[in-house]
Amino acid sequence: MATHSTVRWLIAAILVAASFTAHADYGDSLLSDQATTIDRLIRITKHPHEMADSTALLCRKPIEKPHQMHDGFITPAYCHVYVSKAAEPFMRSGGIDYLVGSLIVKSKFPKDHPNRVELYTVMRKMKAGYDADNGDWEYSIVDGRSRRVHARGRIDSCIKCHAAYSTTGYVTRAYIAEPGEKP
């Protein structure tokens, strides 16, 4: 017969194990919620920004056979860019020392349909040492309709593209207009 303290210990162990399991799933759920609830973020783009074809091809869900630019069926894509409060001063000033936890979210959509988001691409600043060679950013790809996280972590296509922006903290600001200019 089990003693009262053994039963309590067993219940505590089950609860701890359940919390670790829930936390693994909660991570993607929390990321998806943070990235797709854009009314809680700050929009940086004043108007939809037309993405270069090469960028539109790279910013996509992982698929077996990626589209090739020369295939001739690239649909023009546009985006809005949003940031968390922690990221806003760095994005606006061009600063590069983003705070841990800063989020940069790009919503990708077809021309003239900014409410029909196909995809969210997310950059989240991680603690020093996460990926020091690439600015310690975690990249994520979130489906625009289902809000499912398709990929997360050190995504090669994201790292390759953002390497070109190493001098600006691995962040492009091409979609931000200078004062007096139209974006």
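The values are calculated or read from the model by the stated rules, or taken from the named source; none is laboratory data. This structure is a prediction, so every number in the text was calculated from the model and none was measured. Glycine gets a Cβ as well: all are built from the backbone with ideal geometry, and neighbour counts include every protein chain shown.
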Please indicate, with yes or no, whether at least one residue in the range 156-164 is within 17 Å of MET51 (Cβ to Cβ), surrounded by 14 or more Cβ atoms within 10 Å (Cβ to Cβ) and under 11 Å from the mean Cα position of the chain (by Cα).
yes
Can ASP133 be described as surrounded by fewer than 16 Cβ atoms within 10 Å (Cβ to Cβ) and in contact (Cβ under 8 Å) with a residue 40 or more places away in the chain?
no
Has the range 25-32 got at least one residue that is modelled with pLDDT of 80 or more, closer than 17 Å to HIS150 by Cβ and either in contact with an Asp or Glu (Cβ under 6 Å, 6 or more places away or on another chain) or aliphatic (A, V, I, L, M) (or both)?
no
Against the definition (surrounded by fewer than 21 Cβ atoms within 10 Å (Cβ to Cβ), touching a His at 6+ places or on another chain (Cβ under 9 Å) and farther than 17 Å from LEU30 by Cβ), how does TYR170 come out, yes or no?
no
Would a scan of the range 117-125 turn up a residue that is out of contact with any Leu (no Cβ under 6 Å at 6 or more places or on another chain), modelled with pLDDT of 90 or more and over 26 Å from HIS47 (Cα atoms)?
no
Yes/no for ARG124 being touching a residue at least 60 places away in the same chain (Cβ under 8 Å) and out of contact with any Cys (no Cβ under 6 Å at 6 or more places or on another chain)
yes
Flagged in the range 91-116 as out of contact with any Cys (no Cβ under 9 Å at 6 or more places or on another chain), of a type in the set (A, V, I, L, M, F, W, C) and surrounded by fewer than 20 Cβ atoms within 10 Å (Cβ to Cβ), in numbering order, are ILE96, LEU99, VAL100
